[in-house]
Each structure stands twice: as C-alpha cells, then as structure tokens.
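Taking it in order: structure first as structure tokens, then the write-up.
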Amino acid sequence: MKRKDWTHEEQHAICKAYVDMLEKQESGDKFNKSAVRRELLAGPLAARSNGAVEAKFMNVSAAAQDLGMPIVKGYKPAPNYQASLRLHLQELY
C-alpha cells in the first residue's frame with residue numbers, strides 16, 4: 001500500500017499539538033500524550049493510524065532538536081522528517 005503524504009493541515013495540527021505539550025512540559029503542567037494523540041486521531045488526523053501519529057511525533061522531535069528547541073520527553077527524535085515540519089515549528093514556537 002502506498003503511503004499518503006502528510007498534508008499541510010495535518011503537519012500543522014501535529015506540530016501545534018507538539019508545541020502545546022512542550023509548553024506544558026516547560027511550565028511543569030501535567031499532560032497526557034495518549035490523550036493528545038486520541039484527540040488528533042478523532043479530529044484532524046482521523047485518516048492516520050495510531051502508529052503513524054506516534055512516528056510523526058518522533059519526526060517533530062527531530063525537527064525541534066535541529067532547530068535547537070527542547071523536545072517533548074518520551075518522543076525520541078527520528079530522522080528523515082519532512083523539512084516543512086521545521087517551518088511549522090518556527091511559526092508556532
């Protein structure tokens with residue numbers, strides 16, 4: 001089965017969720033990564049699988065790390081991400 005490229009809207013949604021988690025982490029607020037993922041899967045990322053969202057969060061961590069940003073604990077940076085993820089992060093963070 002051919003993979004479907006992530007749309008601009010999907011990338012923006014996952015980066016926004018990532019930045020929201022990062023801001024909570026930095027301020028010491030509690031958050032639940034699984035709940036965030038479920039929200040995304042029920043909304044803007046409904047066409048994606050749980051595994052795809054988890055993998056993309058790791059790609060977002062790699063993009064954040066390359067930008068010199070902190071990363072969300074538990075999302076180990078995974079290389080080979082879409083360069084456009086950096087643009088979304090720069091816009092949101």
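Scan segment 27-42 and tell me whether some residue there is in contact with a Lys or Arg (Cβ under 9 Å, 6 or more places away or on another chain) and under 22 Å from ASP5 (Cα atoms).
Looking through segment 27-42, at least one residue is in contact with a Lys or Arg (Cβ under 9 Å, 6 or more places away or on another chain) and under 22 Å from ASP5 (Cα atoms).
Just one of (1) over 18 Å from TYR93 (Cα atoms); (2) outside any helix (DSSP H, G or I); (3) open to solvent by 30 Å² or more (accessible area, probe 1.4 Å); (4) modelled with pLDDT of 95 or more trips up PRO79, so point out which.
Checking PRO79 against (1) over 18 Å from TYR93 (Cα atoms); (2) outside any helix (DSSP H, G or I); (3) open to solvent by 30 Å² or more (accessible area, probe 1.4 Å); (4) modelled with pLDDT of 95 or more, the one that fails is (4).
For every residue, the table says whether it meets (1) open to solvent by 50 Å² or more (accessible area, probe 1.4 Å); (2) touching a strand residue (DSSP E or B) at 6+ places or on another chain (Cβ under 7 Å); (3) over 13 Å from CYS15 (Cβ atoms).
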residue: ASN32; (1), (2), (3): yes, no, yes
residue: ALA42; (1), (2), (3): yes, no, yes
residue: SER61; (1), (2), (3): no, no, no
residue: GLN65; (1), (2), (3): yes, no, yes
residue: GLY68; (1), (2), (3): yes, no, yes
residue: VAL72; (1), (2), (3): no, no, no
residue: SER84; (1), (2), (3): no, no, no
residue: GLN90; (1), (2), (3): yes, no, no
residue: TYR93; (1), (2), (3): yes, no, no
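In segment 1-19, which residues are open to solvent by less than 60 Å² (accessible area, probe 1.4 Å) and outside any loop (DSSP other than H, G, I, E, B)?
Within segment 1-19, GLU10, GLN11, HIS12, ALA13, ILE14, CYS15, ALA17, TYR18, VAL19 meet the criteria.
Being surrounded by fewer than 15 Cβ atoms within 10 Å (Cβ to Cβ), aliphatic (A, V, I, L, M) and in a helix (DSSP H, G or I) is the requirement here; does ALA52 meet it?
Against the criterion (surrounded by fewer than 15 Cβ atoms within 10 Å (Cβ to Cβ), aliphatic (A, V, I, L, M) and in a helix (DSSP H, G or I)), ALA52 does not qualify.
For residues that are under 14 Å from the mean Cα position of the chain (by Cα), hydrophobic (A, V, I, L, M, F, W, C) and outside any helix (DSSP H, G or I), tally how many sit in segment 28-49.
Looking only at that region, the number is 1.
The values are calculated or read from the model by the stated rules, or taken from the named source; none is laboratory data. Bear in mind that the values here come from a model prediction, so they are computed numbers and not experimental data. Every residue, glycine as well, gets a Cβ built from its backbone with ideal geometry; the counts of neighbours run over all protein chains shown. Accessible surface areas use protein heavy atoms only, side chains included; no ligands, DNA or RNA. Shrake-Rupley method; radii C 1.70, N 1.55, O 1.52, S 1.80 Å.
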